[in-house]
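The values are calculated or read from the model by the stated rules, or taken from the named source; none is laboratory data. For clarity, every value in this text was computed on a predicted model and none was experimentally measured. When we count neighbours, we look across all protein chains shown, and the Cβ atoms used for this are built from the backbone with ideal geometry, even at glycine. Accessible surface is based on the protein model in full, side chains and every heavy atom, while ligands, DNA and RNA are left aside. Shrake-Rupley method; radii C 1.70, N 1.55, O 1.52, S 1.80 Å.
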There are 4 protein chains.
Amino acid sequence: MQSVGIGLIGTGYMGKCHALAWNAVGPVFGDCPEIRLVHLAEVNAGLAREKAAAFGFSRATGDWRDLLSDPEVDVISVTAPNAFHPEMAIAALKAGKHVWCEKPMAPGFDDAVAMREAAREAGRAAILGYNYIQNPVVRQIGKLLADGAIGEVNHVRVEMDEDFMADPDALFYWKSEASSGYGALDDFAVHPMSLIWTLFGRIARVSADMAKPYPDRPLREGGRRAVETHDIASVLFRLEQGASGVLMVNRAAWGRKGRIALQIFGSNGSILFDQERMNEVQVYRAGVDAVDAGYTTILAGPSHPPYERFLPAPGHGLGFNDLKVIECRQVLAAMAGDGAHVIDFEKGVEIERAVHAMAAAHDGGGWVDIDYD
Amino acid sequence: MQSVGIGLIGTGYMGKCHALAWNAVGPVFGDCPEIRLVHLAEVNAGLAREKAAAFGFSRATGDWRDLLSDPEVDVISVTAPNAFHPEMAIAALKAGKHVWCEKPMAPGFDDAVAMREAAREAGRAAILGYNYIQNPVVRQIGKLLADGAIGEVNHVRVEMDEDFMADPDALFYWKSEASSGYGALDDFAVHPMSLIWTLFGRIARVSADMAKPYPDRPLREGGRRAVETHDIASVLFRLEQGASGVLMVNRAAWGRKGRIALQIFGSNGSILFDQERMNEVQVYRAGVDAVDAGYTTILAGPSHPPYERFLPAPGHGLGFNDLKVIECRQVLAAMAGDGAHVIDFEKGVEIERAVHAMAAAHDGGGWVDIDYD
Amino acid sequence: MQSVGIGLIGTGYMGKCHALAWNAVGPVFGDCPEIRLVHLAEVNAGLAREKAAAFGFSRATGDWRDLLSDPEVDVISVTAPNAFHPEMAIAALKAGKHVWCEKPMAPGFDDAVAMREAAREAGRAAILGYNYIQNPVVRQIGKLLADGAIGEVNHVRVEMDEDFMADPDALFYWKSEASSGYGALDDFAVHPMSLIWTLFGRIARVSADMAKPYPDRPLREGGRRAVETHDIASVLFRLEQGASGVLMVNRAAWGRKGRIALQIFGSNGSILFDQERMNEVQVYRAGVDAVDAGYTTILAGPSHPPYERFLPAPGHGLGFNDLKVIECRQVLAAMAGDGAHVIDFEKGVEIERAVHAMAAAHDGGGWVDIDYD
Amino acid sequence: MQSVGIGLIGTGYMGKCHALAWNAVGPVFGDCPEIRLVHLAEVNAGLAREKAAAFGFSRATGDWRDLLSDPEVDVISVTAPNAFHPEMAIAALKAGKHVWCEKPMAPGFDDAVAMREAAREAGRAAILGYNYIQNPVVRQIGKLLADGAIGEVNHVRVEMDEDFMADPDALFYWKSEASSGYGALDDFAVHPMSLIWTLFGRIARVSADMAKPYPDRPLREGGRRAVETHDIASVLFRLEQGASGVLMVNRAAWGRKGRIALQIFGSNGSILFDQERMNEVQVYRAGVDAVDAGYTTILAGPSHPPYERFLPAPGHGLGFNDLKVIECRQVLAAMAGDGAHVIDFEKGVEIERAVHAMAAAHDGGGWVDIDYD
């Protein structure tokens, strides 16, 4: 791969984030093929042209299918709304393009499976945008676990909380409609699940409780409408490796802005992390004399790859957007056939399967074993 | 009540803690009846005499029943091991004494009920030693909730973690025997439950998962023995008031020393607390402009009663033993027939009932409604 | 010493704190002589009687000199206002009593010297109430330094901040009058200096800047009066052992309630402490691989003596009043001729000398060498 | 300005940081002129070509003077070592280019003045790379101060600490040579000074103490050499606006990685900040009831401009490199004649003047008034 041609569908939050990553990945890493920003698609040609100029893309189109037939495009960033992911990703794969698709994977489980099948058939890189796993600090946690630094993991607690649904007086909108999914589980819990999958492997069984903090919400036109989704979900689980765990997500948690908190307990220590302080990890090692024992707060630095590609000095801090640059480098690695540290469509389907199992457990009121076959 | 005569059974950790409280409560509060340290019981007369001297008690005995017949004893602190609570508390109540009994209430549920019945019949104060609810910061949380400072509570997470069972190489001892109970649930979870009961009221239904971090432990005499109790328990619950919640306890959590963490989410804000930083509470209030919004960390001070009885300046810090002094003042209030902020035998039985329901839910694999009648 | 008779002068904040300590020291430590609460003095007999009852003292008087002639009194707690310390302490020492005197030592330097001379002549224990040095966590810092855990100390920063003078609209009162002293320096800086003396030894030279946040304050009777004291002081210093340091005190620091912050840098690590989180200390050890290096937050526990006398479990927390109990035990040790961990009148005079040198440095605008002879 | 042509001298740490910023500023802000990456200079043509490819520049050269004569270059990023700043910046300004020059400004004060004179004559934007002032959180602090949120500032403490010189066994190198300057003061203290200048205005007078943690260091060739610079500096100061303050810098502070801590006390509140947690600011507002009062920890979010250009959700975190992108946008604003939030050569000379005054105060042992004329 001497050069890679980029196509981008969508220029919202994540579209911009992809564009920034494609601009930065070469200068940051210094070991990439040449990145050519080839073709950008938006819902209409005007917006597409404006954004292509802003993001440095050569060509613009109001029809995303134009990217499929563009021979200079090697990989397509799919950042359009969730509902379009299956159609776009499958079409791109069939056209021989690599795909870098935002999460959640797809509204329906069948769609997710179809995407995975398309990836298998195409033999192309098919990567999901689970960027939190790219944090050098999270990678360091993975390394500590692999090295046995805290022994065998026997208990895990994972929380994700934000407050964008916390205001009870906010108007009813699509996130409260059943058509959008279960609520916090699929909108939200897939992020911490990407961490679980990366750090501990698959969840074997679940018991779940979903809750609605507010039964209804005001309508713009007056009156109120019953909320159909669950902003809160709490899940007991067992990992395939045997440890017990709890997954808690709440998108109506006043005060939480970007919390993804991990508590990992092992036979020889424990590890704490919170995405709101994404440049820190706390490690407790058993075996130290009680007089000296405590959590050590480690600040991200050049010894936590690939922090050193961004900054030569420790403690200076990466940001959320930097995680997308690291992910972008992994997409390039996957395209080149190198082992990549990503959630691909294979793992993505597993996460989707777990989401649906959790919802089923809530409905059934008991434990559900997840069948990955 | 011009003066109160104290009897004390037991001089271990909690016995000493009671003794310190009985010594301090008068000077600290300045509004108590005279406290007379009358009679102390231990397993033998020699130890009793030694401890009576150290703690300032007038009389000592190797037979705790001597306290029952001592007319100068008005209230008896029961701090002997758990298994003796029912016999001692019931006998004391029948002898017309008030009782201040350490938790957990009793090994078996029937015993707990019998204790409650004895209290009802005796018409005496019968108080359990749930001291964490006495923290001025916890009382302030209660006041904030009652004042509606964070609106209606809709989600709660409660964690209690220590690491005294975390070492996999520690020898098998009685806490791993089934005869000691379920494990973390009854040994441990009753503490955070006392907070739940105090702040939010009763739990209506539960789903639970108990786990063993280590399947067996070494025996002193060689070989290994299977662990029969669960050091970890995770519980999904619904409060009677409707909110969803998660209770998590782990007595094998390396690095945690005295963590009791609360996360309370309401329609208008949220509150955080951790007993390891017991002089702090964090409050987030919705309605503040986003530019200024965040958690406010409030340090305990004289405006958080009864902190002002201990210290006139804020931020100087109370300690764990001070909580017992506050509880002691509440015992005196209960004896005087004043409304007391305590977990009495009535509420204590409710907590025990919830513990057993959680264990049943674990066994059954589904939700269990708790019947308080 | 089979038993010790206690006299107490004063029952305000610190008087109560002493009374609590004398009540608790026996039960807490279990290795003390019998403590007899003999005689309590207040400004009038009525108040004295009331407080004697509350604090458990046998006799009460409106004339503190009665304690001098009471043969059952062995040691006198002097907690009357600062201005009375010299007269009371000297008289008590001349009467053959041991003295436990609150800080600051005396308003004038000559008075402090006279107190020290009286102590030398009497050959009695003469101890000042610098309780922060008794914190098990601070003792642990001392042990770490003595063990060379962070190598040779080469830089120190010490801050003490509260906000009781922060309100510019608060009425003028005696703390703003020149007759009360320099302001923050003598009212306040003596506390962090007690830590410096305990942990690092004497200060050799100083350069200082004192500042007034508010030039004047309102009078109750209307109008305003110029403030004569300095609520803020900042001091550059060199220790006798060679390290450079900065001492900063501010009693008009909005938001600070009981902050006494230490930053100690050595050739092989560093240590952080803040009295507002008095049960924690943070230690950084050089020599750890960068990938694992960070500050370890150690919670006070039984391995940090004498925490274990209060509580058998770590992380449960001591409070401010507990520090006075530890100090009380040290007073008993000093009385028995055992080596005690205290600021006695000898060291107290050194601290006073440094205070006056700092004020002189402020006036002179340059460095002042402190002459301890 | 429809488009801007960029020249870059140097591709080390800061050169890469500039390159990343020039790549990102357009996509991030969406309101910039077209950015053309025109010409990159390094010490030799080969390295220049390699870096031009990595960073996306069209032309490369081994002679930085080629950029001066390149008509397509509008602005030159000067990131070569400190000693080259004067020559390069002055030449660029004389060639009619705008200049974005890394700090510190110049080794000698006369050089800094000459740079400022060149900027005045050229009438071009001449901006220094003080990026910490660009943090949205720091900007928010500035806004709070301007709005009087904490009343009138009366005391300030500023600390900057890292540990890259903390190892006593590290070899002697140029940072310990007198030819490199004073040590921490010019290498390091200019950063916190940029914050002081931005938030509070000019320092009027100073008293200072510089210190050497280690008297000598090992030489690679064996033996030891005396250290000539001071890794630690502590400065008492008064602002022109009247407040007292302390500036502390230490580049041998084990454990500190990127600490720049601000404590700002005013008549109506206080503000805390630490660059190691660069997405947080703590604000204490007087006037709140004591029962509710405390520091509020605000996480950076879209209401703190220009955070919203990077991320639409609060609490997700910017990184150090993002600050350079914001600074880059300010350079463009300055080039366009818009008011820019920067440290330009005018203010830069003031900071240099203060640095030299501090060193003089250290030598003289007393206070030095800074003459800005």
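Once you place label points 7 Å from the Cα toward the Cβ at residue B:174 and residue A:178, how far apart are they in nm?
5.6
Over region C:3-124, what is the relative contact order in whole percent, taking alpha-carbon pairs under 8 Å and six or more residues apart?
Contact order relative to length: 25 percent.
Specify which residue in the list D:269, D:207, D:141 is farthest towards the positive end of the charge dipole of region D:140-290, using unit charges on the beta carbon of Lys, Arg (+1) and Asp, Glu (-1), about the Cα centre.
D:207
Could you tally the net charge around residue A:117, taking each other residue with its Cβ under 12 Å from the Cβ of residue A:117, Lys/Arg +1 and Asp/Glu -1?
-1
Could you state the number of Å between the C-alpha centres of region D:1-25 and region C:312-373?
About 57 Å separates the Cα centre of region C:312-373 from the one of region D:1-25.
Please report the spacing between the Cα centers of region D:32-58 and region A:30-97 in Å, no decimals.
Answer, in whole Å: 27.
Give the relative contact order (percent, whole number) for chain C; include only Cα pairs under 8 Å separated by 6+ residues.
Details: 813 pairs, mean separation 69.0, N = 373.
Reported relative contact order: 18 percent.
Which whole number gives the average count of other chain Cβ atoms within 10 Å of the Cβ atoms across peptide D:202-209? Can you show the working numbers first?
Numbers: counts 0, 0, 0, 1, 0, 9, 2, 9.
Mean shielding by partner chains, rounded to a whole number: 3.
Please report the antiparallel percentage of DSSP beta bridges with both residues in region D:3-124, rounded to the nearest 5.
Bridges in region D:3-124 that DSSP calls antiparallel: roughly 0 percent.
For chain D, which whole-number percentage of the solvent-accessible area (1.4 Å probe, protein heavy atoms only) is attributable to carbon and sulfur atoms? Before the final figure, lay out the partial values.
Working: 5720 of 12030 Å².
About 48 percent, which is the carbon plus sulfur part of the accessible surface.
For residue C:175, list the lysines whose Cα falls under 16 Å from its own Cα; do not include residues on the same chain fewer than 8 positions away.
C:103, C:212
Can you tell me what share of the DSSP beta bridges in the protein assembly as shown is antiparallel? A percent to the nearest 5 is fine. The partial results should precede the final answer.
On the way: 184 of 300 bridges.
Bridges in the protein assembly as shown that DSSP calls antiparallel: roughly 60 percent.
Mind listing the phi-derived Karplus ³J(HN,Hα) values for region D:198-209, rounded to whole Hz, using 6.51, -1.76 and 1.60 with θ = phi - 60°, and x for any glycine or proline?
Values per residue, Gly and Pro as x: 6, 8, 10, x, 7, 7, 8, 8, 9, 9, 9, 9 Hz.
So for chain A: antiparallel DSSP bridges make up what percent, rounded to the nearest 5?
Counting DSSP beta bridges with both partners in chain A, the antiparallel share is about 60 percent.
Stick to the Cα atoms of chain D, pair each with every other, and give me the Kirkwood hydrodynamic radius in Å at one decimal. Intermediate results must be reported in sequence, preceding the final value.
Values: mean 1/r = 0.0462 Å⁻¹.
Hydrodynamic radius (Kirkwood, Cα only) of chain D equals 21.6 Å.
Rolling a 1.4 angstrom probe over the protein chains, ignoring ligands and nucleic acids, what is the accessible area of residue A:307 in square angstrom, nearest 10?
My reading of the accessible area for residue A:307 is about 0 Å².
Given 0.36 nm per residue, what is the gain on full extension from residue A:65 to residue A:109 after removing their alpha carbon distance, in nm?
13.4 nm
Inter-copy label distances at residue B:110, 7 Å along the Cα→beta-carbon direction, one decimal in nm, shortest first?
5.7, 8.3, 10.0
Within 10 Å of each Cβ of B:141-153, how many other protein chain Cβ atoms are there on average?
Mean shielding by partner chains, rounded to a whole number: 1.
How are the C-alpha pair distances of region B:183-324 spread across 5 Å bins, as whole percents from the shortest bin up?
In whole percents, the pair-distance histogram is 2, 8, 13, 16, 16, 15, 12, 8, 5, 3, 2, 1, 0, 0.
Taking the Cα-to-Cβ direction at residue B:167 and at residue D:220 and moving 7 Å from each Cα, how far apart do the two end points lie in nm?
4.9
Considering only chain C, pick the residue with its Cβ nearest the axis of the rotation onto chain D, and state the distance in whole Å.
C:366, 2
Starting from a label point 7 Å past Cα on the Cβ side, list the distances from residue B:147 to the same position in the other copies, nm, shortest first.
2.3, 4.5, 4.9
For region B:3-124, restrict the atom set to alpha-carbon positions and state the Rg and Dmax in Å.
In Å, with Rg to one decimal and Dmax whole: 13.7, 40.
Placing a label point 7 Å from Cα toward Cβ, how far apart in nm is residue B:34 from its equivalents in the other copies, listed shortest first to one decimal?
1.9, 9.7, 9.9
Under the Karplus relation 6.51 cos²θ - 1.76 cosθ + 1.60, θ = phi - 60°, what is the ordered set of whole-Hz ³J(HN,Hα) values for region C:5-15, x standing for Gly and Pro?
Residue by residue, region C:5-15 yields x, 9, x, 10, 10, x, 9, x, 3, 6, x Hz.
About its Cα centre, what dipole magnitude does chain C give when the only charges are +1 on Lys and Arg Cβ and -1 on Asp and Glu Cβ, stated in debye to the nearest 20? Don't skip to the end; give the middle numbers.
Numbers: 35 positive and 49 negative charges, 99 e Å.
It works out to roughly 480 debye.
Please give the residues of region B:135-163, grouped as numeric ranges, whose backbone N is less than 20 Å from a label point set 7 Å along the Cα-to-Cβ vector of residue D:291.
B:135-153
Mean-square fluctuation check for chain C, GNM, Cα pairs under 10 Å: which of C:147, C:163, C:344 is largest?
The residue with the greatest mean-square fluctuation here is C:147.
Going from most exposed to least, what order do D:42, D:240 have by accessible area with a 1.4 Å probe?
Sorted descending by solvent-accessible area, the residues read D:240, D:42.
What list of ³J(HN,Hα) values in whole Hz, one per residue of region C:39-55 in order, does the Karplus curve 6.51 cos²θ - 1.76 cosθ + 1.60 (θ = phi - 60°) give from phi, with Gly and Pro shown as x?
Taking θ as phi minus 60°, the curve returns 8, 10, 10, 9, 5, 9, 5, x, 4, 4, 5, 4, 6, 4, 5, 5, 9 Hz for region C:39-55.
With bins 5 Å wide starting at 0, give me the P(r) of region C:154-219 over every alpha carbon pair, in whole percents.
Result, from short to long distances: 3, 12, 22, 24, 15, 11, 7, 4, 1, 0 percent.
Evaluate the Debye formula for region D:69-171 with equal point scatterers sitting on the alpha carbons, no solvent, and hand back log10 of I(q)/I(0) at q = 0.14, 0.19, 0.24 Å⁻¹, in q order, two decimals.
-0.77, -0.96, -1.15
In terms of modelled amide H atoms, which long-range or inter-chain residues lie less than 5 Å from the amide H of residue D:40?
Residues meeting the criterion, in which the H sits 1.01 Å from N, are D:8, D:59, D:60, D:61.
Please compute the Cα-Cα pair-distance distribution of the protein assembly as shown with 10 Å bins starting at 0, giving whole percents from short to long.
1, 8, 15, 19, 19, 17, 11, 6, 3, 1, 0
Please give the solvent-accessible surface of residue A:127 in Å², to the nearest 10, using a probe radius of 1.4 Å with every protein chain present.
Rounded to the nearest 10, the figure is 10 Å².
Sorted by accessible area (1.4 Å probe), largest first, how do B:58, D:234, A:303 line up? Walk me through the intermediate numbers first.
On the way: B:58 95, D:234 0, A:303 45 Å².
Greatest to least solvent exposure: B:58, A:303, D:234.
Hey, got the dipole for the protein assembly as shown? About the Cα centre, +1 on K and R Cβ, -1 on D and E Cβ, debye to the nearest 20?
For the protein assembly as shown, the charge dipole is close to 0 debye.
In region B:338-373, what residues drop by 30 Å² or more of accessible area when the other protein chains are put back, versus the chain on its own? Use 1.4 Å, and skip ligands and nucleic acids.
The answer is B:365, B:367.
Can you pull the mean other chain C-beta count within 10 Å for peptide B:246-254?
Across the residues of B:246-254, the mean count of other-chain Cβ atoms within 10 Å is 6.
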